[in-house]
Amino acid sequence: MLMFTLIDGENISYDVAIVPDLRGTVDGEIAPKRSLQGEVAFEIPQDAKDLKLEIDPILFGDKAIIKLDR
């Protein structure tokens with residue numbers, strides 16, 4: 001299971017938004033040499049800057065932080 005959080009340049013965090021029409025799922029186990037594709041959505045202010053996506057596998061593995069362009 002993965003946990004996603006979006007963080008802006010002011011260290012305000014945003015949780016995943018439940019929205020219709022997302023393709024695929026980005027939750028679940030990933031077998032070795034396999035991949036997982038899907039979409040995740042966040043509701044954020046239009047002027048939010050310096051966004052980072054934090055991916056936390058919760059049970060196993062290390063947290064990853066990815067800087068996003070906007």
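The values are calculated or read from the model by the stated rules, or taken from the named source; none is laboratory data. All figures in this text were calculated on a predicted structure; none of them were measured in a lab. Reconstructed Cβ throughout: ideal geometry from the backbone, glycine too, with neighbour counts over all protein chains shown. Areas reflect the complete protein model, heavy atoms only, side chains present, ligands, DNA and RNA absent. Shrake-Rupley method; radii C 1.70, N 1.55, O 1.52, S 1.80 Å.
Miscellaneous remarks
- Taken over the stretch 23-37, the criterion of being aliphatic (A, V, I, L, M) and either at pLDDT 90 or above or closer than 17 Å to residue 5 by Cα (or both) is satisfied by 26 alone.
- Within the stretch 38-61, considering residues that are at pLDDT 85 or above and over 15 Å from residue 5 (Cβ atoms), the one surrounded by the fewest Cβ atoms within 10 Å (Cβ to Cβ): 46
- In the stretch 7-25, residue nearest to residue 67 (Cα to Cα) [restricted to those that are assigned to a strand (DSSP E or B) and open to solvent by 70 Å² or more (accessible area, probe 1.4 Å)]: 13
- Long-range neighbours under 7 Å by Cβ, at least six apart or interchain, first residue without any contact (Cβ under 8 Å) to a residue 40 or more places away in the chain and more than 16 Å from residue 61 (Cα to Cα) within the stretch 13-34, second open to solvent by less than 70 Å² (accessible area, probe 1.4 Å) and among the charged types (D, E, K, R): 22/39; 23/39; 24/39
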